[in-house]
Amino acid sequence: MYPTIVNNDQYTAMVNERHYQRMMDNLNDAEKRKIKMVTINPAHEDFKDNPAQKLPPTLIINPDDDAICMQDEIFGPLLPIKTYKHFEETIGYINDRPRPLAAYYFGYDKAEEKRFLTGTTSGGVSINDVMFHMLQKDLPFGGVGPSGMGAYHGIEGFKTFSHAKGIYRQPKRIPVAKLAGFTPPYGPASEKNIKDKVKR
């Protein structure tokens with residue numbers, strides 16, 4: 001798809017020096033840790049003289065969990081890859097960490113797919129693609145716990161950014177609060193309710 005990268009107008013660059021440096025920090029950290037990296041550079045180009053601040057796609061194989069690339073969102077052409085022997089390992093690995101904003105399953109094994117969908121919790125999921133769940137305006141999009149709260153898009157967005165004001169009106173004919181012993185004068189009904197609450 002990209003026979004060349006440095007001067008290829010179809011291959012994007014990092015937006016500014018700060019984000020370019022973030023990517024370099026990820027790569028330098030992985031190199032210091034002696035983590036295997038696979039750089040995808042089909043034309044064997046030199047990226048040292050690179051005013052556009054482009055980076056070739058780079059796979060970071062089995063990084064330590066405390067490596068920078070495993071701690072922060074990347075938003076760049078770096079892809080950490082964790083290997084596994086048994087599929088169930090992936091479920092445990094995901095569930096042992098903070099809830100992700102998005103999760104992606106690639107494959108055509110329906111049993112695995114179902115296990116992935118029912119066995120993990122995430123803000124959203126795309127199957128055999130990335131990000132497309134976020135682009136569907138009728139699907140709710142949002143995080144869970146550390147990845148965010150609430151959802152938006154469609155009716156879910158209306159609910160999230162609106163406030164439903166709860167209003168309770170005490171009935172005139174039947175004083176429910178008084179019958180339940182919640183208003184003075186307090187008596188047997190009040191005592192009964194208090195005792196019932198304590199028992200629970």
Quiz item: touching a Phe, Trp or Tyr at 6+ places or on another chain (Cβ under 8 Å), within 29 Å of Val38 (Cβ to Cβ) and assigned by TED's automatic domain parsing to the domain that holds Val38: does that describe Phe75?
Solution: no
Quiz item: So Asn50 fits all but one of (1) free of Cβ contacts under 8 Å to residues at least 24 places away in the same chain; (2) assigned to a loop (DSSP other than H, G, I, E, B); what number is the exception?
Solution: (1)
Quiz item: Could you list, in sequence order, the residues of the range 14-37 that are over 22 Å from Ile81 (Cα atoms) and either hydroxyl-bearing (Ser, Thr, Tyr) or not in a helix (DSSP H, G or I) (or both)?
Solution: Val15, Asn16
Exercise. Say whether the condition of being within 23 Å of the chain's Cα centre (by Cα), more than 25 Å from Tyr105 (Cβ to Cβ) and surrounded by 15 or more Cβ atoms within 10 Å (Cβ to Cβ) is met by at least one residue in the range 42-54.
Key: no
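The values are calculated or read from the model by the stated rules, or taken from the named source; none is laboratory data. Given the structure is predicted, the values throughout are model-derived calculations rather than measurements. Glycine gets a Cβ as well: all are built from the backbone with ideal geometry, and neighbour counts include every protein chain shown.
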